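All remarks here apply to the structure that follows.
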Amino acid sequence: MPLDTKPNVIPTTFKTVGTRPVRPDGVDKVTGRARFGADMQAPGMLVGRVLRSPHAHARIVKIDTSKAEALPGVKAVITSKDMPAQEGCDMDVLTNVMARDKALYDGHAVAAVAAVDAAVARKALKLIKVDYKVLPHVTDVDEAMKPDAPILHAHIEHEYQQDLLETAGHVKGKKERTLPKGKRPSNIAGRYEFGHGDIKKGFAEADVIVEHEFTTEATHQGYIEPHACLASVSSDGWAEMWVCTQGHFMVRDVCAKLLGLDVSRLRVTASEIGGGFGGKTTVFIEPVALALSRKAGKPVKIVMSREEVFRATGPTSSASMKVKIGAKRDGTFTAADAILKFQGGAFPGSPVEMGAMCAFACYDLRNVRIIGYDVVTNRPKQAAYRAPGAPMAAFAVEACVGELSEKLKMDAIDIRLKNAAKEGTVSSYGPTFGPVGLVETLQAAKAHKNYKVKLGPNQGRGVASGFWFNFGGQTCTTLNLNSDGTLGLAVGTPDIGGSRASMCLMAAEELGIAYDDVRTIVADTGSLGYNDISEGSRVTFSSGLATINAARDCKKKLCQRAAMIWGIPEEAVEWKDGHARPAGANAGNFEPLSIKELAAKASGTGGPIAGHFEVNADGAGPSFATHVVDVEVDPETGAMKVLRYLVVQDAGKAIHPDYVEGQFQGGAVQGIGWVLNEEYIYGADGRLQNPGFLDYRIPVCSDVPMIDTVIVEVPNPGHPYGVRGVGETSIVPPLAAVANAVSAAMGVRATTLPMSPPKVLAALENKMRKAAD
Amino acid sequence: MGAVHISTTINGDTVEYICRPDESLLDVLRDRLGMTGSKEGCGTGDCGACSVTIDGRLVCSCLVLGAEAGGHEIETIEGMADGDKLHPLQQSFLEHAALQCGICTPGFLIAARSLLERNPDPTETEVRYWLAGNLCRCTGYDKIVRAVMDTAKDMKKKGRRNAA
């Protein structure tokens, strides 16, 4: 350890952090002034539109664009020929943004046009003639794993493992109980395994074992703003882009690579972003808009329709899972085992690895094994969705924990407390936990008034806990002191939930100045070094860490200037309450200098003052949560009503509590949608049946009650103020919590999501039939 | 059929525009008049992000033709504040942190104002059902409902004070 490394002393009291001021971008957002992806115009701008495959799986024999090109008003038509493979580019991404030899899912882009207006562009799309040879398709994860399934990619090979025979039995053929030997082309793109101990021994020690198979359907992030971008490539090869994204540096680097541009030639500005939840962490239309602009020689704007968003962006996986947990009579878990199979759409990369890592992360287990299978199907390539992979895994695991508590007649929170992961626990995925707050969330949930409400007939209570790692990542931040003593903070992480307010709070806290004296902007890619995407609940953690350190850099420079003015050594100056002061009596007797005074004197003391910080941030602290929900099931219709909902989550330190609560509430309601209504429905033809908000129904205001929140604060030692990311954990427990509540209300275990009214009715009827037999 | 010439009133100002007969009012507002405060989330009347009022009636502007809008009084988010003085609902949304990404906010504000004009003292259930045509994916609606109910309470208090 370097000698100058000081231990991180986290303050226990704060002046500004923890208050709830109005966000700096607020007025623009309530008056309609804020500019989102689709709100930008450029002189001479063309309208771009994408032609998409109507087939789930088809060979593209020929594309004839001649008629479209001849249509007056059409300025460019492109196909994959205009986007040739570049050295070192990600072929999966390139193939996903524009199909090459095959269309791999309903909605896969096959061509694009740029025209003078939307009407001409629409007409041009109809004039493009594509000859398809339709191929057999597969959209279900278990079907796709069968040895005789239609194969998406000839280059993906897999050797079947015996563990698959232990699950649903979908993999083996109808007759045989053996699997093909050796590597062969397959839709299984990856297999992951985590765990420790000896599960056989653990299950032998168990007094009770619970085992179930579960399925969940694919859901979409459902951000209200469709993807939009405006690209402009000038004739000398310099390019600019305006785009709604969670990571404009990612957009720049990926687009540059796909199109063979120098990174420096592309400048990307992040617009205000109308929701992302992970779905805007990759590119779809951005490289297409650039390619169209390059060919047409004019700016091109592409805005997706809602139907395109559903068919051709990155929903999350559907899952087929089996979980088994054994416990002693006193509730101690002796062993846990899970097999997770996630389809990630047409390319490898489902979040099954993270799902596998999260599955049992809440528990202190001696014997645990998790196997995860990443499977490709004829569906859109999945993108991240808030705590990718974790909600489905938690649904299966927490259902089994819930059933164990019933079988052992233990309180649902007590059984979790008995087995909860804490500091020093060797997690099921490897690392040993530092200070974590799961126990605190369980205790707070148990003490909450909601947990004591007596339930009526047809009502049930569900409890579930959840975990998410949280990430750090590359971050570069600049804090500029203005001539009047106010500050401009430039961050490179798009603000997806109020983070500019949190950055202002942290900078103000560190400098001892007013919140209103700091203004935070999301700077474009030309203004800062590389910043990773706003993902992994990393923004308040890592951009916050960088902001605090940039403010410390700034303070150091302010003290140097004061030392120069006073003619004393800089070590004799300290920064306190927004002023440079002589550090103790020996330093001399000088009137403190405020930040405003030092700013006014800056030109005479060495010029502009700015603080910088660059880091690949380590030390992100995991956030655990416990949710408690009460539901009522209508036995006549199968409809469900959420009566009350409680989120308890560890934030480490809540910088702006309003937006922490907002993350808790938003994640919970997305989860409620996932468990009750939302699902991707594919027809036998492999086409998506419900690509719109009418048929893909996200929760509306009248579907949900107020979402009660409790913020637990167990400081994260890896952050100067103790911050843990909070954005993702909140969607991990709801699937399980609501499903456990529904199961309790019905008296039947819910194992398939969504628990839509027809499924609930069928389960109730089945139960009655069984009772009658 | 060629473009049509329309004369109407938007946020109290007389506005003239030319549009194609198949163009929605939302497209006219955004693409022809540069009023991008109304948002397109779906284009099918399911999300409410494009909410405006026509002669006081709450509508999705994506479901109204630009050609139909002639001779009416249209109110959009751009006309909600009185100069630099925010409407009480706008202020309340800020104070309650009733927005995260903000894309649905203009639609919610227009819809909520329309509710309070009709029902100055709504119950939580009435607020929730009135706003059920506006989708928000960030907030879980909690802080939005509180912001609307608090505004109603404040406006009632002020109303009483003004009457006294």
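What the table shows:
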| quantity | calculated |
| --- | --- |
| Sole exception among (1) away from chain B (no Cβ under 14 Å); (2) over 30 Å from residue A:497 (Cβ atoms) for residue A:15, by number | (2) |
| Residue in the range A:194-228 that is nearest to the other protein chains (Cβ to nearest Cβ), counting only those that are assigned to a strand (DSSP E or B) and among the aromatic types (Phe, Trp, Tyr) | A:214 |
| Residues located in the range A:405-414, provided they are in contact (Cβ under 8 Å) with a residue 60 or more places away in the chain, outside any loop (DSSP other than H, G, I, E, B) and within 15 Å of residue A:328 (Cα to Cα) | A:405, A:407, A:414 |
| Filtered residues of the range A:262-286 (kept if more than 24 Å from residue A:391 (Cα to Cα), in contact (Cβ under 8 Å) with a residue 12 or more places away in the chain, small (Gly, Ala, Ser) and not in a strand (DSSP E or B)) | A:271 |
| Lone unmet requirement of (1) buried (at least 24 other Cβ atoms within 10 Å of the Cβ); (2) farther than 28 Å from residue A:394 by Cβ; (3) out of contact with any helix residue (DSSP H, G or I) (no Cβ under 8 Å at 6 or more places or on another chain) for residue A:491 | (3) |
| Complete set of residues in the range B:137-157 that are over 12 Å from residue B:116 (Cβ atoms) and either aliphatic (A, V, I, L, M) or touching a residue at least 60 places away in the same chain (Cβ under 8 Å) (or both) | B:144, B:145 |
| Single unsatisfied condition, residue A:140 versus (1) within 21 Å of residue A:317 (Cβ to Cβ); (2) touching a helix residue (DSSP H, G or I) at 6+ places or on another chain (Cβ under 7 Å) | (2) |
| Residue B:121 vs. criteria more than 10 Å from every other protein chain (Cβ to nearest Cβ), not in a helix (DSSP H, G or I) and not polar (S, T, N, Q) | yes |
| Filtered residues of the range A:12-68 (kept if over 28 Å from the mean Cα position of the chain (by Cα), within 30 Å of residue A:657 (Cβ to Cβ) and modelled with pLDDT of 95 or more) | A:13, A:14, A:15, A:16, A:31 |
| Count of residues meeting criterion [touching a residue at least 60 places away in the same chain (Cβ under 8 Å) and in a loop (DSSP other than H, G, I, E, B)] in the range A:515-531 | 6 |
| Which numbered condition residue A:723 misses (of (1) in contact with a Gly (Cβ under 6 Å, 6 or more places away or on another chain); (2) assigned to a loop (DSSP other than H, G, I, E, B); (3) within 14 Å of chain B (Cβ to nearest Cβ)) | (3) |
| Positions within the range B:125-164 being buried (at least 17 other Cβ atoms within 10 Å of the Cβ), aliphatic (A, V, I, L, M) and part of a helix (DSSP H, G or I), in sequence order | B:127, B:131, B:144, B:145, B:147, B:148, B:149, B:152 |
| Per-region count, the range B:87-100, residues without any contact (Cβ under 8 Å) to a residue 40 or more places away in the chain and at the interface with another protein chain (Cβ under 7 Å from one of its Cβ atoms) | 3 |
| Test: residue in the range B:106-115 that is among the hydroxyl-bearing types (Ser, Thr, Tyr) and at the interface with chain A (Cβ under 8 Å from one of its Cβ atoms) | no |
| Single match in B:26, B:65 (criterion: more than 8 Å from chain A (Cβ to nearest Cβ), surrounded by 16 or more Cβ atoms within 10 Å (Cβ to Cβ), touching a Lys or Arg at 6+ places or on another chain (Cβ under 9 Å) and hydrophobic (A, V, I, L, M, F, W, C)) | B:26 |
| Filter pass, residue A:432 being touching a residue at least 12 places away in the same chain (Cβ under 8 Å) and not aromatic (Phe, Trp, Tyr) | no |
| Residues being under 30 Å from residue A:681 (Cβ atoms) and within 14 Å of another protein chain (Cβ to nearest Cβ) - total across the range A:229-259 | 3 |
| Scope the range A:566-603; condition out of contact with any Gly (no Cβ under 9 Å at 6 or more places or on another chain) and part of a helix (DSSP H, G or I); matching residues | A:570, A:571, A:585, A:586, A:587, A:602, A:603 |
| Pick from the range A:291-311, criterion away from chain B (no Cβ under 14 Å) and either touching a Ser or Thr at 6+ places or on another chain (Cβ under 9 Å) or assigned to a loop (DSSP other than H, G, I, E, B) (or both), ranking: nearest to residue A:395 (Cα to Cα) | A:300 |
| Test: residue in the range A:738-746 that is within 14 Å of another protein chain (Cβ to nearest Cβ), crowded, with 21+ Cβ neighbours inside 10 Å, under 16 Å from residue A:644 (Cα atoms) and in contact with a helix residue (DSSP H, G or I) (Cβ under 9 Å, 6 or more places away or on another chain) | yes |
| Selection from the range B:48-62 of residues that are in contact with a strand residue (DSSP E or B) (Cβ under 8 Å, 6 or more places away or on another chain) and either surrounded by 16 or more Cβ atoms within 10 Å (Cβ to Cβ) or basic (Lys, Arg) (or both) | B:48, B:50, B:51, B:52, B:53, B:54, B:58, B:59, B:60, B:61, B:62 |
| Unmet requirement for residue A:554, which otherwise passes all of (1) of a type outside the set (Ser, Thr, Tyr); (2) assigned to a helix (DSSP H, G or I); (3) under 30 Å from residue A:361 (Cβ atoms) | (3) |
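Yes/no per residue for (1) out of contact with any strand residue (DSSP E or B) (no Cβ under 6 Å at 6 or more places or on another chain); (2) not hydrophobic (A, V, I, L, M, F, W, C):
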position: A:731; (1), (2): yes, no
position: A:741; (1), (2): no, no
position: A:751; (1), (2): no, yes
position: A:765; (1), (2): yes, yes
position: A:768; (1), (2): yes, no
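Residue-wise test of (1) hydrophobic (A, V, I, L, M, F, W, C); (2) buried (at least 19 other Cβ atoms within 10 Å of the Cβ); (3) in contact with a helix residue (DSSP H, G or I) (Cβ under 6 Å, 6 or more places away or on another chain).
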position	(1), (2), (3)
A:530	no, no, yes
A:547	no, yes, yes
A:561	no, yes, yes
A:594	no, no, no
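Results for (1) crowded, with 20+ Cβ neighbours inside 10 Å; (2) modelled with pLDDT under 95; (3) farther than 25 Å from residue A:680 by Cα, shown as yes or no for each residue.
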{"position": "A:101", "(1), (2), (3)": "no, no, yes"}
{"position": "A:165", "(1), (2), (3)": "no, yes, yes"}
{"position": "A:176", "(1), (2), (3)": "no, yes, yes"}
{"position": "A:190", "(1), (2), (3)": "no, no, no"}
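The values are calculated or read from the model by the stated rules, or taken from the named source; none is laboratory data. As the structure is a computational prediction, the values presented were derived from the model and not from experiment. Please note: Cβ atoms are built from the backbone with ideal geometry, for glycine as well, and neighbour counts cover all protein chains shown.
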